[in-house]
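The values are calculated or read from the model by the stated rules, or taken from the named source; none is laboratory data. Since we're looking at a predicted model, the values are computed, not measured. Here the Cβ positions follow ideal geometry from the backbone for every residue, glycine too, while neighbour counts run over all protein chains shown. We work out accessible area using only protein heavy atoms, side chains counted, and drop any ligands, DNA or RNA first. Shrake-Rupley method; radii C 1.70, N 1.55, O 1.52, S 1.80 Å.
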Amino acid sequence: MKLLGISGSLRRDSVNTKLVKEAARAFAPSEFVLADLNLPLFNEDLEAEGMPESVTTLVGQIEAADAVVISTPEYNKAPPGVMKNALDWISRVHPVRTAGKPCAVISATAGNAGGERSTSALYLMLVPFNMKMVFNPEVFVGRAGTKFAEDGTLSDEATFTFLTKKMDALKAAI
């Protein structure tokens with residue numbers, strides 16, 4: 001099985017990138033690809049000149065994956081702009097290649113709530129993509145800076161247990 005991981009954070013030491021990699025470890029796919037959301041800002045003028053290569057790469061990765069796991073930070077009670085920008089670009093490639101694709105959303109934040117609001121907002125943003133969403137169990141990693149070891153693995157066993165259950169549910173949705 002091929003798993004595509006998408007982190008809504010571009011930061012080098014992002015806890016959401018660490019979390020999506022840990023989700024892949026729990027999923028144990030035959031192949032894991034981490035998407036790159038370093039895309040140009042959505043602009044129909046760019047689209048008219050030809051779809052940016054970084055966008056076609058991302059869409060191809062989605063199409064090739066058996067399932068997608070998205071880890072989103074929470075900035076000001078919502079997913080970051082980089083996530084919305086990626087979704088805007090993906091929506092411009094027709095036909096939409098996301099329909100029926102199993103997808104799980106998880107979140108890691110510095111705050112206590114772990115990104116619950118951001119995740120809820122992201123679900124709304126994903127509605128037009130008609131993905132097969134895996135909602136439970138919910139995985140919100142609050143105080144995420146304290147939950148990872150230096151090597152990037154989750155040091156919190158309870159969190160990894162919930163994450164594994166979510167990834168098992170994602171596998172079952174394939």
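Condition first: assigned to a helix (DSSP H, G or I) and either aliphatic (A, V, I, L, M) or open to solvent by less than 60 Å² (accessible area, probe 1.4 Å) (or both). Now tell me which residues in region 44-69 satisfy that.
As a first pass, look at region 44-69 and keep what is assigned to a helix (DSSP H, G or I): 44-49, 53-64.
Passing the criteria: 46, 47, 48, 54, 55, 58, 59, 60, 61, 62, 64.
Could you go through region 87-100 and let me know if any residue there is in contact (Cβ under 8 Å) with a residue 60 or more places away in the chain, at negative phi and outside any strand (DSSP E or B).
Step one: list which residues in region 87-100 are in contact (Cβ under 8 Å) with a residue 60 or more places away in the chain, which gives none.
No, that holds for no residue.
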Subject >> Subset of region 82-114 (residues that are modelled with pLDDT of 95 or more, under 14 Å from the mean Cα position of the chain (by Cα), open to solvent by less than 50 Å² (accessible area, probe 1.4 Å) and not hydrophobic (A, V, I, L, M, F, W, C)) >> reply: 85, 101, 102, 107
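Residues of region 6-33 being assigned to a loop (DSSP other than H, G, I, E, B) and either open to solvent by 80 Å² or more (accessible area, probe 1.4 Å) or within 16 Å of residue 169 (Cβ to Cβ) (or both), which ones?
Residues of region 6-33 that are assigned to a loop (DSSP other than H, G, I, E, B), as a first pass: 8-14, 28-30.
Residues satisfying the conditions are 10, 11, 12, 13, 28, 29, 30.
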Subject >> Residue that is of a type outside the set (A, V, I, L, M, F, W, C), modelled with pLDDT under 95 and loosely packed, with under 13 Cβ neighbours inside 10 Å, where the choices are 138, 157 >> reply: 157
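Would you check if residue 41 is modelled with pLDDT of 95 or more, over 24 Å from residue 138 (Cβ atoms) and open to solvent by 70 Å² or more (accessible area, probe 1.4 Å)? Give the derivation first.
Numbers: modelled with pLDDT of 95 or more: yes; over 24 Å from residue 138 (Cβ atoms): yes; open to solvent by 70 Å² or more (accessible area, probe 1.4 Å): yes.
Judged against the criteria, residue 41 is a match.
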**OP:** Please list, ordered by first then second residue, the pairs with beta carbon atoms under 7 Å, 6 or more apart or interchain, first in region 126-147 and under 18 Å from residue 20 (Cα atoms), second open to solvent by 60 Å² or more (accessible area, probe 1.4 Å) and acidic (Asp, Glu).
**Re:** 140/116
Subject >> Test: residue 150 is assigned to a loop (DSSP other than H, G, I, E, B), more than 12 Å from residue 15 (Cα to Cα), of a type outside the set (Phe, Trp, Tyr) and out of contact with any Leu (no Cβ under 7 Å at 6 or more places or on another chain) >> reply: no
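Could you say which residue among 37, 3 is touching a strand residue (DSSP E or B) at 6+ places or on another chain (Cβ under 8 Å) and either part of a strand (DSSP E or B) or among the basic types (Lys, Arg) (or both)? Break it down into steps so the answer makes sense when it comes.
Values: 37 fails: either part of a strand (DSSP E or B) or among the basic types (Lys, Arg) (or both).
Result of the check over 37, 3: 3.
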Subject >> region 149-166, residues that are within 16 Å of residue 135 (Cα to Cα) and in contact (Cβ under 8 Å) with a residue 40 or more places away in the chain >> reply: 163, 164, 166
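For region 70-81, give me each residue that is part of a strand (DSSP E or B) and surrounded by fewer than 24 Cβ atoms within 10 Å (Cβ to Cβ). Steps first, please.
Initially, region 70-81 is screened for residues part of a strand (DSSP E or B), giving 70-72, 75, 78.
75, 78, listed by residue number.
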